[in-house]
Structure formats: C-alpha cells, structure tokens
Amino acid sequence: MSASAADRGIRSLRPPKEHVDPYTAHGSLIEEERRPDANIERVLTVFLAGAECPFTCSFCDLWRWTIDSPTPPGALTRQLEDVLQALDHPVPDRLKLYNASNFFDQRAVPSEDLLGIATLAASFAAVTVESHANTIGPQTLEFAQQIPGRLEVAAGLETIHPVAAAQLNKRLDLVRFDSAARFLTENGVDLRVFVLLGAPWVRAEESVEWTVRSVEYAVERGASVVSIIPVRGGNGEMERLQALGQFTPPTLSQLEEVLDLCLQFTSTVVTADVWDVERLAGCEHCRSARIERLRRLNVTGRAEPRLACTMCGAA
C-alpha cells in the first residue's frame with residue numbers, strides 16, 4: 001500500500017521508534033475474561049513483534065511496537081513457541097495473538113507461518129487474532145480450518161460518528177465493516193470489535209453518546225465482545241489535533257459512564273480496556289478504587305453503584 005499525503009503527515013509527527021527484535025515477543029499475560037454465555041475463560045495474550053500495519057490510523061500508537069520491514073518467516077512461530085514453553089500448566093482456555101498489525105496481512109504474518117502457528121495453538125479451545133476489516137477474507141477461513149479450536153477475529157470499528165470516521169485515515173467505511181462482520185458470522189468465526197472513547201473530531205460533550213452508539217452498532221452486527229479503548233496521546237498527531245481543538249483526551253469518569261451504559265447490551269460482552277488506564281485524567285483520591293471497579297465490571301458484567309468521593313464530588 002503506497003503512503004498517502006495523510007500517511008506521511010501522521011508519520012512525520014511520530015517520536016522515534018524503539019528497536020524491536022522480531023524474534024522475541026514483547027510479552028504475555030494471563031487474565032480472566034467473560035464470554036457471552038457468562039462463562040469465565042482463562043486467556044493467554046501474547047504480544048507478538050512483527051511488521052507495522054500499512055493503515056496509518058491517526059489515533060494509533062501501536063506502530064512503536066513494530067518493525068519497518070516485513071516479518072521474517074519463522075519469527076512469529078519462534079516467539080510463540082518460546083512463550084508456550086515457559087507457560088505453567090494448566091493451559092488457558094483461549095490464546096490471543098496480538099501483533100500490533102493485521103494477522104491476515106502477509107507482510108505482517110507470512111502465509112507460510114500460518115500452519116506452524118495453528119499447530120502451536122492446537123491445545124487451546126479458542127484463538128483470537130486481530131485484523132483490519134479490509135484484510136479479512138479467504139485466508140481467515142483457511143486459518144480457522146487449521147486450528148482445532150474456534151477462531152475469533154478482533155477488528156476495529158472505532159466510531160460510527162460520520163465526520164470522525166472519515167478523518168481517522170483508517171480507509172474503512174461502514175459498508176466494508178458490515179461486509180466483514182457478515183463474512184465472519186456466516187462462516188462460523190466470532191467477531192470481537194474495538195470501539196474508541198474520545199475519538200478525534202468528536203466533541204467532548206458528545207463523546208460518551210457516540211461511543212455508546214458505536215458499541216450498539218457493533219452489537220447489532222453480531223459482535224461477541226466489544227472492547228472500549230480510550231484514545232491515548234503520544235503519537236504526535238493526537239497532540240496536533242488537540243492543539244487545533246479537534247481532540248480532547250477522554251477521562252476516567254467518561255470511561256466509567258460508557259461502561260455503565262453499555263451493560264444493557266446483555267447479548268454481547270462489553271468491556272473497558274484498562275491498558276494504561278492510569279494515564280486518564282481523574283481524581284487521585286478515588287482513582288484506584290474506580291479502576292478496580294472497572295476491572296470487576298469487565299469480569300462480572302453486573303451493574304453496581306458508582307463510587308462516591310468527597311474529594312472530587314463524583315458519584
């Protein structure tokens with residue numbers, strides 16, 4: 001994919017990328033995750049190192065964990081093998097492979113590595129990978145057939161706000177997203193969706209409303225899980241848009257409000273992404289308790305009262 005003027009502008013504002021070893025995974029973690037049937041799964045997430053995504057989204061900060069060249073054949077299988085060898089038993093229920101790019105982009109995941117990855121994933125009941133909707137297709141089904149477990153593909157919807165969606169430089173419209181969602185559903189592949197809180201070009205006072213509407217849109221397209229991701233600064237472009245008044249960083253209170261409102265969607269698991277949640281603006285007195293409440297809601301899905309704070313007056 002050739003770089004557009006928008007791509008070049010966004011990339012020019014980025015801070016230097018740190019060195020990434022394509023033969024060493026960034027890390028892994030095991031956590032509990034609720035599924036639509038109310039079961040709680042143990043999930044192993046492996047953060048793989050590989051080629052950068054060709055879609056230069058304005059809000060993205062994942063590029064810093066990628067390499068500039070194509071992923072070397074065999075690198076991903078080595079990374080995954082090393083993580084699995086160090087894994088304590090019992091084996092978790094689900095394996096998530098997040099490569100900060102698109103699993104079905106051959107530049108990021110060489111096609112000759114898919115069978116090796118599938119073999120390494122054979123002991124898991126389910127596998128989740130991430131992919132731009134534009135790269136979902138025949139290779140997705142090929143991989144689904146190679147793994148014994150059930151496949152889930154995580155795709156970014158981001159927002160259905162018409163102005164914001166057009167400004168994200170994601171090269172995605174709702175027609176294409178709907179087509180990808182339908183393709184997965186019709187072929188027995190689960191859909192996980194990423195939705196932004198604080199998307200640029202959305203007015204701060206409308207941010208919660210548009211996030212909830214975007215979650216509802218994903219639910220209506222059959223998403224099994226929707227993850228609400230607060231937009232983070234630090235990539236240069238967000239700072240530029242903030243200076244222009246086109247981006248307001250989301251707050252911890254907004255994330256709480258969105259998750260509370262989205263608990264109404266009982267057919268889909270809706271969670272708040274708490275990666276780097278400490279960076280969100282919020283009261284220092286009650287911050288830890290509020291973050292812990294978000295973690296509980298992610299796992300239980302059961303509504304509970306908002307925390308009151310005498311310092312900030314929040315409730």
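Compute the Cα gyration tensor for region 160-315, then decide on rounded, prolate or oblate, letting a ≥ b ≥ c be the square roots of its eigenvalues: rounded whenever a/c is under 1.5, prolate when a/b is larger than b/c in the other cases, and oblate in all that remain. Intermediate results must be reported in sequence, preceding the final value.
Values: a/c = 2.26, a/b = 1.22, b/c = 1.85.
It comes out oblate by the Cα gyration axes.
Over region 160-315, with the other protein chains present, what is the accessible area per residue in square angstrom, probe 1.4 angstrom?
It amounts to 46 Å² per residue over region 160-315.
Calculate the FRET efficiency for R279 and E18 from the Cβ-Cβ distance with a Förster distance of 22 Å, rounded to the nearest 0.05.
Details: r = 18 Å, r/R0 = 0.83.
Working from the Cβ atoms, E equals 0.75.
For labels at S123 and D178 in the simple 7 Å Cα→Cβ model, what's the distance in nm?
4.4
How do the peptides 241-253, 154-166 rank, highest first, by the average count of neighbouring beta carbon atoms within 10 Å per residue? Mind showing how you got there, number by number?
Values: 241-253: 16.7, 154-166: 20.4.
Output ranking for 241-253, 154-166: 154-166, 241-253.
Under the classification rounded if a/c is under 1.5, otherwise prolate if a/b is larger than b/c and oblate if not, where does region 240-315 fall, given a ≥ b ≥ c as square roots of the Cα gyration tensor eigenvalues?
oblate
Please give the Cα centre distance for region 47-91 versus region 143-222, rounded to the nearest Å.
Rounded to whole Å, the Cα centres lie 22 Å apart.
Search the structure for amide H atoms under 5 Å from the amide H of R150, placed 1.01 Å from N in the peptide plane, and list their residues when 5 or more places away or on another chain.
A126, V127
Using a 4.7 Å Cβ cut-off, which Cys residues in the chain lack a partner cysteine?
So far as the 4.7 Å Cβ criterion goes, C53, C262 stand without a partner in the chain.
With only Lys, Arg, Asp and Glu charged, each at its Cβ (+1 for the first two, -1 for the last two), find how big the charge dipole of region 200-315 is about the Cα centre; round to the nearest 20 debye.
Taking the Cα centre of region 200-315 as origin, the dipole is about 220 debye.
Rounded to the nearest 5, what % of the DSSP beta bridges within the chain are antiparallel ones? It would help to have the intermediate numbers written out before the result.
Details: 8 of 40 bridges.
Of the beta bridges lying entirely in the chain, close to 20 percent run antiparallel.
For Q242 and S111, FRET efficiency with R0 = 41 Å and r from the beta-carbon atoms, rounded to 0.05?
0.55
Accessible area of the chain with a 1.4 Å probe: how many percent of it is carbon plus sulfur? Write out the running numbers ahead of the final one.
Working: 7330 of 14030 Å².
Carbon and sulfur: 52 percent of the exposed surface of the chain.
Any idea of the accessible area per residue across region 44-111, 1.4 Å probe, to the nearest Å²?
37
So between R302 and A3, what do we pick up on full extension, going 0.36 nm a residue minus the alpha carbon distance?
103.1 nm
The values are calculated or read from the model by the stated rules, or taken from the named source; none is laboratory data. Predicted model only: the values in this text are computed from it and were never measured. Virtual Cβ from ideal backbone geometry, glycine too; neighbours counted across all protein chains shown. The area values use the complete protein model at the heavy-atom level, side chains included, leaving out ligands, DNA and RNA. Shrake-Rupley method; radii C 1.70, N 1.55, O 1.52, S 1.80 Å.
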